[in-house]
Amino acid sequence: MSQQLLLSFKKDVSLIEPEETEQLVLQSSNRSLTFKQARSGLKTALKTLADGGATLVELNQMVQQDDGNFLALRFYVYLQKFSNLGWLCHSVLAEGKAIAIAVPITSDYQFPYTEVAVNSKYMLSRFTYCHQVSGQLLLESPLSQTQVLLLDWKGTALFSQLAKPYSCHELVTGIPGISLETVKQFVSLLLSTQMLSEASEDGTIQEQANTTLAQWEFHDLLFHTRSRLGRHANPSGGTYRFSGKIEPIPALKPRMSEEAIELYKPDLETLKTTEASFTQILEARKSIREYGETPITAQQLGEFLYRVARVKQLIQTERTEIAQRPYPSGGALYELELYLAINSCDRIPSGLYHYHPLAHQLCRISDRTETVEALLDDARQSIGQQSMPQVLIVIAARFQRLAWKYESMAYAVMLKHVGILYQTMYLVATAMELAPCGLGHGNSDSFTKATGCDYYAETSVGEFALGSQVKA
Ligand SMILES: Cc1cc2nc3c(=O)[nH]c(=O)nc-3n(C[C@H](O)[C@H](O)[C@H](O)COP(=O)(O)O)c2cc1C
């Protein structure tokens, strides 16, 4: 444990003294610890931790003075327990004032205090980032179980210097009015919270030699850690945090144009008895990137869309409107919309359309504009073929359908839905002997340009190429 860093309880840990007892209770949102007969030294130390904090030496003196050596030793065990519970914050002081504080964000937590060597060089991890939260600068990293609040310009100055390898001695000379002790404490704090590492002679840090970490991109690891449970304390799940503040958007996107093409509806009862078995379809499914000379027909496209994505029913619940469709969706919220960039389709003119899933119509958005052409061309390149897909299905998400209900996990749920929809499209296309291929890439800016959608309200999250098969 650090001798110099200031120790204090996290804000959500409160100290309660039940009346007419010698008890002391420490209470957090999910745990409480009761000290049945707290002696005066322990009481003072715990009150100090709850009220601004003190260094380990100071806390130890408080207990030793009033309760003796044995209880002072026991106090270390308590401190370790508080640390493991994620209750202890560690602050760096400069002239008695905290310039940075590390706050645990998980409950099963270790603060492996690591001393720095003044002549060794240290550099920030590429996963460490700084952003503004409630008017304060916050350092976070998907590798860390803590957040570090920068409380003063000195902390910010040190942080920015550490983008390159520096020793504590070099850092002192670069920042006016800062002491070596403060620099050492600051570097120790970031080292102990996995926000920086020691740099070797060639200026690289250990993280760069780790071949597992090397294959994580910053945004992927951050997204992973923040959208899964575990390495954060953010609310997660169906929290409905905008309920009563922002109106939820309806299940059905308003019609995008009055110029609509009625689509063919297949007879599902006949299909149930005539079509190949599920196992035959599942086993026959494959990606097909070449297309027949005779393009897909309007009837086939109608049948495909009906079987994949129609709205079977809209249901008004107490909180929001949900739906039933052929594929599953978290919360039955169905945020995904289908747009069709038609290159060639018998009886449907080339251009861009939105699929109206309740009316089972294609609403025309535009002709085959330059941007629509760019979307089709991107798809052609993705499938690595000379020929363009006859139909490019662009999947877009109305993000707020999910974000209104789900916290921490909305985008991750949406990506799961895209995968579900891909497989549904693959299987229906296989059953219909069409040529399906999921695509991994697409340009969301081109999509918003082509449709006029607000990028933050609805943009593309997946693409699927479809066409007729080459006749055997
Ligand atoms: C999410 C996803 C993205 C894909 N992206 C592409 C792509 O951009 N280009 C392509 O030609 N195939 C793409 N595919 C198809 C895969 O290459 C194909 O599924 C894989 O090679 C297995 O072959 P199979 O589908 O014939 O079983 C993608 C498939 C999925 C599920």
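Tabulated values for the structure
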quantity: Gap separating the Cα centres of region 342-359 and region 66-104, nearest whole Å; calculated: 65 Å
quantity: Segments 58-67, 83-92 sorted - mean Cβ within 10 Å per residue, highest first; calculated: 83-92, 58-67
quantity: Estimated vicinal HN-Hα couplings, Hz - region 4-14 in sequence order (Karplus 6.51, -1.76, 1.60; Gly, Pro = x); calculated: 9, 5, 7, 9, 8, 7, 4, 4, 7, 9, 10
quantity: Span from the region 152-167 Cα centroid across to the region 419-434 one, whole angstrom; calculated: 53 Å
quantity: Cβ-based charge dipole, the chain, positive-most Cα from T320, S387, A100; calculated: T320
quantity: Contour excess over end-to-end distance, with Cα ends at E198 and N84 and 0.36 nm allotted per residue; calculated: 38.5 nm
quantity: Rounded tilt (10° steps) of 218-227 against the dominant C-alpha axis of the chain; calculated: 90 degrees
quantity: Listed residues L85, L24, N69: farthest to the positive end of the dipole of region 7-139 (Cβ charges); calculated: L85
quantity: Virtual spin-label span in nm between D367 and Y264, 7 Å along Cα→Cβ; calculated: 2.8 nm
quantity: Interchain or long-range residues, amide H under 5 Å from C89's placed H; calculated: S8, F9, K10
quantity: Lys/Arg +1, Asp/Glu -1 at C-beta; the chain dipole; positive extreme among S408, L376, T128; calculated: S408
quantity: R0 of 51 Å, Cβ-Cβ distance T239-K471: FRET efficiency to nearest 0.05; calculated: 0.45
quantity: Cβ-placed point charges (K, R +1; D, E -1), dipole of the chain about Cα centre in debye, nearest 20; calculated: 700 debye
quantity: Estimated 222 nm signal from helices in the chain, with DSSP H stretches of n ≥ 4 weighted -39500 (n - 2.57), rounded to 500; calculated: -10000 deg cm²/dmol
quantity: Gain on full stretching of the segment that runs from D220 to Y129 - 0.36 nm per residue minus C-alpha separation; calculated: 31.4 nm
quantity: Average Cα contact separation per residue, the chain, under 8 Å, 6 or more apart, as relative contact order %; calculated: 12 percent
quantity: T279 paired with T211, simple spin-label distance in nm, labels 7 Å along Cα-to-beta-carbon; calculated: 4.1 nm
quantity: Which listed pairs, of K245/K416; K36/K81; K405/K449; K121/K184; K265/K312, have C-alpha distances above 18 Å, in listed order; calculated: K245/K416; K405/K449
quantity: Relative contact order (percent, whole number), region 1-121, Cα cutoff 8 Å, 6+ residue spacing; calculated: 27 percent
quantity: Burial ranking of peptide ranges 161-168, 363-370, 425-432, 186-193 (average Cβ count within 10 Å, highest at the top); calculated: 186-193, 425-432, 161-168, 363-370
quantity: Ordering of 411-423, 69-81 by packing [mean C-beta count within 10 Å, highest first]; calculated: 411-423, 69-81
quantity: Candidate aspartates and glutamates for bridging to K272, where Cα separation is under 17 Å - those fewer than 8 sequence places away on the same chain excluded; calculated: E303, E433
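Bear in mind that the values in this text are calculations on the coordinates, not laboratory data. As the structure is a prediction and not an experimental result, all values here were calculated from the model. All Cβ positions, even for glycine, are placed from backbone atoms using ideal geometry, and neighbour counts span all protein chains on display.
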